[in-house]
Amino acid sequence: MLDLSQYSSIGAALREAMQAFAGEVCLIEADRERENHRLTYREFAERAAALAKALQDGGFGAGERASIIMTNQSKWLISAYAIFNCGGVLVPLDYKLTAEQQWGLLRHSGAAMLITEYAIWRQLAAAAEGRAACGDLRLVLVTETPAKAELAGALRWEEYRADGTPAFVGRERGDLASIVYSSGTGGQPKGCMMTHENYLEQCVALTSLYPFWPGVRYLSILPTNHAIDFMVGFFGPFVCGAAVVHLRTLRPEFVREAFAKYKITYVSLVPLVLKNLQKGLLARFAELSGGKRRVFDLLVEVNKWLTKRRPRPGLSRRLLPQVHSAFGGELLTIIVGGAFTEPQTLQFFYDLGIPVANGYGLTEAGTAITVNDLKPFRADTVGKPLPGMEVRIVNADSAGIGEVHVRSKTVMAGYLNEPELTANTIVDGWLRTGDLGHFDAQGHLHLAGRKKNMIVTEEGKNIYPEDIEGAFESLPVKELCVFAADYIWPRGSMVGEQLVLVVHLEAGQNFTDELRQQMVERNNRLLNYKRVHGLVLVAEDFPRNASQKVLREKLREQLATLERASAVQPL
């Protein structure tokens, strides 16, 4: 691994990696049975150089913002490296958002350039009013465009090339490297301003526990715009000389094949995918005959006893070869993050000899705050603070539970164009996470709920209830609000977080079956992870301030006096 203390920017570290590991494979792109690309660091650098030179010739310069909206593929990483080489600021956006949401974030970020795929650009171009409002956007590059396709003013990525060597534009550690948006996009955009130092320090901390090296292969399943995959599926592996494997399809059969075909060493997952893997393995185990199942269970018990203090991958592979061969036989660790993972799931994999590096973090803190160091493995916590992380519990109650605050060189510079929100979130250098927790005697952090009105789904999506209210706005009721149920009635758990719709009817109005059906129909139009699970009817007006804005905290206090079991109806 490179000594990242010697570099002032992501671009400088990546540039050095291209030279230090020139002959090593850095990127493999596969599409079903076909392998599209297998690039060495030298070949990767050559492709990025041609793009960077064209960008510079076109006037793209230091500090300008460039967005990428693409699925995982080689062009994503090549484009990102070219942007950093030019001293640009990366704005990675979720390709699953609607065109209206993407245009809104492009406008908010002030992006001067967009790099995207043809299918995504077709949707964006159809929402012409969105582009009209993006006055800063002057260049759009589109990949994989059919030969005679109309590009609505965009240019083909594959043809946007220039000969010659691009100038490397250095940046300082405190300079802006990227603007990363949280998952909640329907209301106030929250663009986390991440500096070069944020990424360099986070990479040092993570690789001190989970190192990469030439020969390691990381399977990239999470989208690269996700903070986790950007770090451990791009920057981290590249500065260590490792290889990243991108799949153009995430159909389960091709993901399973990739583990064995490419001898995967690490993979990052969100809890939902990890639980689905668990269900699949349990189904396979259930198919074993009585005698084989007894032998298998005995071997699992032996493995549990022998790995109680630390993982022993070689031993586990010999004891349970069928399980490990399904994962390629060289998998060291599954990295899970983005949301809370149930301890039973973590323990299940560890008992099979597959450690899960469970952790806790926020985009605002540069991805990870705590990680389980496996010394020994603990399924009941989110681990210890990473090197360089100061974590404290503020305003603890009698059980020691209080708000988690973090101070570190990985904490963001603030929210883009939101000085008041930034000032309320980072106080005297401490990031107020809004999460509740406590430390045990061994220094492990236990999470106990949220102080803020939001939930995090098993897919790692941040859901801000205020963003859901638009789906119910025109209902024939006097007023309504959406809350995270655990924000009103804390349970001391991060499992099964749900949203509730709080409704106040007009005077004399009855809650009819027709009104309930309207609510259900609107709820069903939402994406699964955004749906409301319960309904609360209240008899009094919502508390409001002089400008008639709902006082959510006061309303929450009023609702908290109700019994959850009797107040919440299923929707």
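Close Cβ contacts (under 9 Å, 6 or more residues apart or on different chains) running from residues in the stretch 407-427 that are more than 23 Å from Leu4 (Cβ to Cβ) to residues that are basic (Lys, Arg) comprise Tyr415/Lys190; Leu416/Lys190; Glu418/Lys190; Leu421/Lys190; Asn424/Arg432; Thr425/Arg432; Ile426/Arg432.
Just to check your reading of the model, which residue among Tyr210, Tyr262 is of a type in the set (Ser, Thr, Tyr) and farther than 18 Å from Glu35 by Cβ? Going through Tyr210, Tyr262 in turn, the sole match is Tyr210.
Scanning the stretch 483-529 for residues that are closer than 28 Å to Val382 by Cα and hydroxyl-bearing (Ser, Thr, Tyr) gives Tyr487, Ser493, Tyr529. Within the stretch 476-506, work out how many residues are assigned to a strand (DSSP E or B) and either within 12 Å of Ile455 (Cα to Cα) or touching a Pro at 6+ places or on another chain (Cβ under 6 Å) (or both). Summing the residues that are assigned to a strand (DSSP E or B) and either within 12 Å of Ile455 (Cα to Cα) or touching a Pro at 6+ places or on another chain (Cβ under 6 Å) (or both) in the stretch 476-506 gives 5. A count restricted to the stretch 278-301 and to residues that are surrounded by 14 or more Cβ atoms within 10 Å (Cβ to Cβ) and among the aliphatic types (A, V, I, L, M) stands at 4.
For the residues Gly314, Gly388, Gly359, the requirement of being of a type outside the set (Ser, Thr, Tyr), surrounded by fewer than 18 Cβ atoms within 10 Å (Cβ to Cβ) and not in a loop (DSSP other than H, G, I, E, B) singles out Gly314. Please specify each residue of the stretch 419-439 satisfying the condition of being surrounded by fewer than 20 Cβ atoms within 10 Å (Cβ to Cβ), at pLDDT 95 or above and either in a loop (DSSP other than H, G, I, E, B) or among the hydrophobic types (A, V, I, L, M, F, W, C) (or both). Within the stretch 419-439, Ala423, Val427, Asp428, Gly429, Trp430, Phe439 qualify. Contact map, the stretch 24-40: residues that are in contact (Cβ under 8 Å) with a residue 24 or more places away in the chain paired with residues that are acidic (Asp, Glu), Cβ distance under 6 Å, separation 6+ or inter-chain. Pairs shown: Asn36/Glu29; His37/Glu29. Is the stretch 447-458 home to any residue that is in a loop (DSSP other than H, G, I, E, B), under 25 Å from Tyr210 (Cα atoms) and not assigned by TED's automatic domain parsing to the domain that holds Gln278? Yes, the conditions are met somewhere in the stretch 447-458. In the set (1) in contact with a Leu (Cβ under 8 Å, 6 or more places away or on another chain); (2) under 20 Å from Thr561 (Cβ atoms), Gly492 fails one condition alone, (1).
The values are calculated or read from the model by the stated rules, or taken from the named source; none is laboratory data. In this text the structure is predicted, and so the values were computed from the model without any measurement. Cβ atoms come from the backbone with ideal geometry, glycine included; neighbour counts cover every protein chain shown.
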